[in-house]
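**Student:** What follows is a single structure, and I will ask about it in a moment.
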Amino acid sequence: MADPATAGGYPQGVKLGVDVGTVRVGVAICDRDSILATPYKTLDRNTKKNSDVRLIAKLAEELGAVQVIVGMPRTMKGEEHASARMASDYAGLLAAELAARGLDVPVNMVDERLSSVSAHRNLHEAGMSSRNHRKVVDQVAAAGILQHAIDMQKARGADVGSRVTAPSPSVDLGDSGTDESVRATPDTARFSDNGRQQ
């Protein structure tokens, strides 16, 4: 008998969306039926103690989340630069923290091109002044990333993005909690913008 959490070819239930920035991290959640992603919270990025990573893992545990979607920033040409590596490393830290808590919650990375641009536009159209965007734009971008992912999952009837594998627990992460020699390694499956496997 198929596991009900993955009966549709992808995890079904509450999911978190994460938009990683150098200063702030946006978090979004969706309902148990994965219909609507909503902005949830903006966290300050703490690269020394990774307290924001722990807060997201704790939220996933409290909500019984079945998946975390992290945005992978790419250029318009589809290239990956420093921000993409930062997001990938962050996803690895998150996967490791979830595993350390004994949670079997997959972390997938999906293309997030223009998510912040769309978030700013949506906030402007909603009548929010530009100076107030900073408070919520990251969580709105996270909601956009998550909504895109759950819509693609439903359209394909399968999971999307690339699964992130946590760094080996035998690696000493030191004071910063990160080891430059270890990066999150997405599984070999790659997906194009429309969610089809390449």
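**Student:** Taking amide H positions as placed in the peptide plane 1.01 Å from N, state which residues far from VAL14 in sequence (5 or more) or on other chains have amide H under 5 Å from it.
**Tutor:** Excluding prolines and chain starts, which carry no amide H, the hits are VAL66.
**Student:** Going by amide H atoms built from the backbone, whose H comes under 5 Å of the H on ARG45, apart from near neighbours?
**Tutor:** Amide H neighbours of ARG45: ARG24, VAL25.
**Student:** Additional query: Could you order LYS15, LYS154 so the one with the most accessible surface comes first? Probe is 1.4 Å. Display every interim value, and only then the final one.
**Tutor:** On the way: LYS15 0, LYS154 90 Å².
Order by accessible area, largest first: LYS154, LYS15.
**Student:** On to the next question. Here is the link list: LYS15/LYS41; LYS41/LYS154; LYS15/LYS48. Which ones come out longer than 20 Å on Cα distance?
**Tutor:** As for pairs spanning more than 20 Å Cα to Cα, those are LYS41/LYS154; LYS15/LYS48.
**Student:** I'd like the accessible area for GLU61, computed on protein heavy atoms only with a 1.4 Å probe and all protein chains in place. Round to 10 Å², please.
**Tutor:** Number for this one is 90 Å².
**Student:** Please compute the modelled spin-label separation between ALA158 and THR22, points set 7 Å along Cα→Cβ, answer in nm with one decimal.
**Tutor:** 3.8 nm
The values are calculated or read from the model by the stated rules, or taken from the named source; none is laboratory data. Just so you know, these numbers come straight off a predicted model, no measurement behind them. All Cβ positions, glycine included, derive from the backbone under ideal geometry; neighbour counts span all protein chains shown. Note: accessible area is taken over every heavy atom of the protein model, side chains too, but ligands, DNA and RNA are not part of it. Shrake-Rupley method; radii C 1.70, N 1.55, O 1.52, S 1.80 Å.
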